[in-house]
Amino acid sequence: MDTGSIVGASAGCAFVAAAILMHGKLSDFVDIPGALVAFGGSFSALFIFFPAKTVLGVFAAVKHCLFEKLPDPSGEIRRLMELAGLARRDGFLALEKRLPEISDPFLTRGLEMVIDNYPREKVAQVLQVELQYIEERHAVAKKVFEQLGASLPAFGMVGTLIGLIEMLHTLDDPGKIGAGMAVAMVTTFYGAFAANMICLPLAGKLENRGKEETLLRELMIQGVLALIDGEAPRAVEARLKAFLDPKARQTEASAA
Amino acid sequence: MDTGSIVGASAGCAFVAAAILMHGKLSDFVDIPGALVAFGGSFSALFIFFPAKTVLGVFAAVKHCLFEKLPDPSGEIRRLMELAGLARRDGFLALEKRLPEISDPFLTRGLEMVIDNYPREKVAQVLQVELQYIEERHAVAKKVFEQLGASLPAFGMVGTLIGLIEMLHTLDDPGKIGAGMAVAMVTTFYGAFAANMICLPLAGKLENRGKEETLLRELMIQGVLALIDGEAPRAVEARLKAFLDPKARQTEASAA
Amino acid sequence: MDTGSIVGASAGCAFVAAAILMHGKLSDFVDIPGALVAFGGSFSALFIFFPAKTVLGVFAAVKHCLFEKLPDPSGEIRRLMELAGLARRDGFLALEKRLPEISDPFLTRGLEMVIDNYPREKVAQVLQVELQYIEERHAVAKKVFEQLGASLPAFGMVGTLIGLIEMLHTLDDPGKIGAGMAVAMVTTFYGAFAANMICLPLAGKLENRGKEETLLRELMIQGVLALIDGEAPRAVEARLKAFLDPKARQTEASAA
Amino acid sequence: MDTGSIVGASAGCAFVAAAILMHGKLSDFVDIPGALVAFGGSFSALFIFFPAKTVLGVFAAVKHCLFEKLPDPSGEIRRLMELAGLARRDGFLALEKRLPEISDPFLTRGLEMVIDNYPREKVAQVLQVELQYIEERHAVAKKVFEQLGASLPAFGMVGTLIGLIEMLHTLDDPGKIGAGMAVAMVTTFYGAFAANMICLPLAGKLENRGKEETLLRELMIQGVLALIDGEAPRAVEARLKAFLDPKARQTEASAA
Amino acid sequence: MDTGSIVGASAGCAFVAAAILMHGKLSDFVDIPGALVAFGGSFSALFIFFPAKTVLGVFAAVKHCLFEKLPDPSGEIRRLMELAGLARRDGFLALEKRLPEISDPFLTRGLEMVIDNYPREKVAQVLQVELQYIEERHAVAKKVFEQLGASLPAFGMVGTLIGLIEMLHTLDDPGKIGAGMAVAMVTTFYGAFAANMICLPLAGKLENRGKEETLLRELMIQGVLALIDGEAPRAVEARLKAFLDPKARQTEASAA
């Protein structure tokens, strides 16, 4: 689970709730018609913009990004070194009994192909295709949230316009002006809050996560290919450390 | 028919109508002068920006995009494999009796040229020209909707300014201020709603559809050329599967 | 004359005028100080931004773009084929008696050089220089209108601020508030209307026209060079048809 | 002196002053706290954004751009042709007596090195370094004004917020509301006017001037190198005319 | 310590405080709920957008940028020339006694590796990795501040909406409207001021500083490699002067 995101989102909502509760009450910020326009309108527009299966696939991408932790690259390097040693000593079939302890499906897929003696090119191609699909999933999910981040404030404003126009038609009772305007403005609040607290930061997170995962998957592909090439553990390490970010690489270097 | 777009647009309008009806009535949101400025102004500006035949051609592009379903790439691969087998066995003329069951005019065009024994280069060139034209049509239609999405809110604001200025000149009767302002704001509502609900999402849809159609047409061109080259069905399949998106390719692969 | 632009601009102004006249009168929208700030300010800023001769040259570019029709590319191809046949049969001097019926100065210039037996490289170079100049003229004119499209709304807002500040200083007479605000807002109306109805669409038109003219001039350069090379009319046609847009090329192809 | 800029800036200020004087008085637009926030704030932020010596160097760049006229390229070509003839006839030392009539320091620098018999590569390198420095000066100055053009309106809004907040705290005396709001809005006026009348157009002017000066300096470098190479005046002319813009080149050509 | 930034930030705050104190009091601009929304909301969103360790690392980057002065490139060239002379005369070990007087850890690291007789490629690689890390740290810190500069005004507006909505619900007591609106607007003031006075200028500073430091580090890497290559001091100088900016290089040149 991505602690930073959960803490960030909770803290953001808590700050806003606290600010509301200092002088008012949360129920002043509930407005069904406003929510219909801001959220209903934005989501409806999404289904015109993107194919339906793209929009629905975004939930899986977000869940994956927030609740599934990526394996640590340094740990994966150590694991691949160890597997490389095993494969050199006892052959590819020896890898089979280590499969159960590997939880990452991408690496499992690669090792299974090694055990089944697939040719090197086939393994590389299948994993590259899988990686392409992962990258595309992140890119599309990011684009969906950026689009939401742009249309939520716009529909928030549409909702406020609706509220103001209705209020102006009932100006006869001046006592209701304030409440009418308040309700109208709640929709702008919905759009601005949801866009800036959720959608735009999530678009950023998906981009960062996408970069991280691409790097990790490329490291795994190289590791599996090194296994097939029968490289020694030290050679595997040298080949894979190029994927670590500079700081981590340095720590490794000074530890070595 | 593109169900997602139709459902999205209907749902969006329904949400907004529901929000309006909860506290007011739809007739408060009808304003002829406002519509003249927001829609009339934006469309007039389009005819300065783009040549008239470009603007008018956009309707065809939208109709094509919303109501004509693109053939499924996997299905087309199977069909082309089958035709390739037929052509190898019985010669190009045998393709003729299969023409009636092909509804896509692009593929029909290509097969007709094959049957008529056009040289390979000529077939490739004619289909490429057709594809270029399809791509351009999508790109121009997208640009028109992006331009509308930018000018509708601007003309909406122009209309609101007109309404406010007129209202301020008749301030003598304070009872009319509210209604005057309400009418003025309806134009901003028109511009914001039409831009964010229709134009910008349609620009996105046209871009996505353009990418999909380009891919499908390139697959068809390669398929027709493979036919001329007399390739075996399996070779045709291998050549065309590169055009499938990673996920579909994988499904095919695991099915194979 | 570019009918689309004239019709678009007239219709746009008519829509706005109609909207005004439905509830008010046109004279409410006349404000000398506002016009000074919005238009005077924007044009003054142009003279800081661009050299004076650039700004003044824009009028010529717009006139050229709106009132001079570009020759039709297909017609020019036919004319160049015919001239090529004539030149092959009777020599370059025979072209001289056809010069009067050519109204386009660019082509005339090229043919004169052919008749005067200029070397091929010299002809190509002179026409390329002329084409560069035409492209630059369109690019600069487009940039001027984009700049105007950005500064007109800004100066419109400056004018409105001036009007509001003055009005607020004379709040003693509440009866004048409405009229004061109305006058103040007219300037924002000027800026928004002129930018979105005239400047930004004209910038788009100049860009589109620039692309069209570049293509036509390149076609003419190739045509004139083909004449010098003594190519046969059919070869000239094949060489020049690459400049037609896909749809036109196809029509030609199916006509051939 | 750059007449266009001076006339533009003066006219712009005159238009705005005229608009103010038609219904109010200039003193309504003087507000010390507002000026502190809009101008003081923007300039303070500049000193965080850029190193101090960059900000201070901008004044020199603007002075140079507005008050020092660039020599005319055609005139410089004629001068360099003449000097080339002189150098061929009487040797490099003969150039010395022509130095006093050359006012441009860049060209003077180059000629001095020729007279002192510096090697060709050294001359080219020194002048290239000088040119790089000139280009960088223009680019940085442009970036500073673009930054100012973005932060002036922002700080203008900050000043208006301050004024409004203070005014709202003294609502007890309704007679002061108008004046308070007027004062608050003056800051927005400062920011919008200074950004759109001065900063953004100056950024454009510095960019255009930078392109012009780069071209002129490159022409001079080539001219000085041609002198060292001992080229004949006609050869010098041919080499340098490539730097003229198409229109000027054509005029030269038809004059030749 | 970066004097320009400290002076700029202090002056900016002083100007704003002065403007406030001219007509009001600072305590009118303190609002706890507003600060919660503007600052709390923006920082919470940062933790969704970026990994937590990235956000926390930004403080170190800013401290480094504001309080640690970069060594002067010309001074470093002189030092490296001197060290090169020493190394040629007395061998690498002689460098050891000069280490204590070098305060920059990057250069120290490089020299230590020289003294320890690391191979040339290893030295280059280790220092390049360190440089990559420094560049990435600047780039990420810049992106964080740009993100803050975009979300602070957005959350400022969210806070103002909250304040206005609450105020409108308590319209019964008209005497409180002014104070309520004032408090609501303070949040927009927070967002606009913090973004334009601190975040966006700091993003600019980090970018400029990043460029400067990259140049200096590349100069040091080349200097250390020149030492290993046993180059003479004059050769070292010629090699390193390419890293000086044109103006500094010229001053050096004329001083030489």
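The values are calculated or read from the model by the stated rules, or taken from the named source; none is laboratory data. Values in this document were obtained by computation on a predicted structure and should not be read as measured data. A quick note on method: Cβ atoms are made from the backbone with ideal geometry, for glycine too, and the neighbour counts reach across all protein chains shown.
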Filtering helices (runs of 4 or more DSSP H) wholly in region A:1-115 for at least 2 residues that are under 27 Å from the mean Cα position of the chain (by Cα) and closer than 30 Å to B:ILE20 by Cβ gives A:3-23, A:41-49, A:52-67
Residue check: is C:ALA60 surrounded by fewer than 21 Cβ atoms within 10 Å (Cβ to Cβ) and either over 18 Å from C:ILE198 (Cα atoms) or facing another protein chain (nearest Cβ under 8 Å) (or both)? no
In region E:179-225, residue surrounded by the fewest Cβ atoms within 10 Å (Cβ to Cβ) [restricted to those that are more than 30 Å from A:GLY178 (Cα to Cα) and polar (S, T, N, Q)]: E:THR214
Check B:LEU36, B:LEU21 and return the single one that is in contact with a Phe, Trp or Tyr (Cβ under 6 Å, 6 or more places away or on another chain) and either farther than 25 Å from B:VAL186 by Cα or not β-branched (Val, Ile, Thr) (or both). B:LEU36
I'd like the residue in region A:131-153 that is free of Cβ contacts under 8 Å to residues at least 40 places away in the same chain and over 19 Å from B:GLU207 (Cβ atoms) and, out of all such residues, is farthest from the chain's Cα centre (by Cα). A:GLN132
Keeping to region B:102-127, report how many residues are under 27 Å from B:VAL55 (Cβ atoms) and either acidic (Asp, Glu) or at pLDDT 90 or above (or both). 1
Would you be able to say whether some residue in region D:160-178 is farther than 30 Å from C:PHE49 by Cβ, among the small types (Gly, Ala, Ser), crowded, with 22+ Cβ neighbours inside 10 Å and within 12 Å of chain C (Cβ to nearest Cβ)? yes
(1) more than 10 Å from chain C (Cβ to nearest Cβ); (2) modelled with pLDDT of 95 or more; (3) buried (at least 21 other Cβ atoms within 10 Å of the Cβ) all hold for D:GLU146 apart from (3)
Pair list, Cβ < 6 Å and 6+ apart or interchain, from region B:27-54 residues that are more than 8 Å from chain C (Cβ to nearest Cβ) to residues that are at pLDDT below 90: B:ASP28/A:HIS169; B:ASP31/B:VAL183
Odd one out for E:SER5 among (1) touching a helix residue (DSSP H, G or I) at 6+ places or on another chain (Cβ under 6 Å); (2) among the hydroxyl-bearing types (Ser, Thr, Tyr); (3) at pLDDT 90 or above: (3)
Pick from region A:6-26 the residues that are crowded, with 24+ Cβ neighbours inside 10 Å and of a type outside the set (Phe, Trp, Tyr): which of them is farthest from the other protein chains (Cβ to nearest Cβ)? A:VAL16
Sort out which residues of region C:69-111 are loosely packed, with under 13 Cβ neighbours inside 10 Å and closer than 28 Å to C:LYS143 by Cβ, and write them in order of number. C:LYS69, C:PRO105
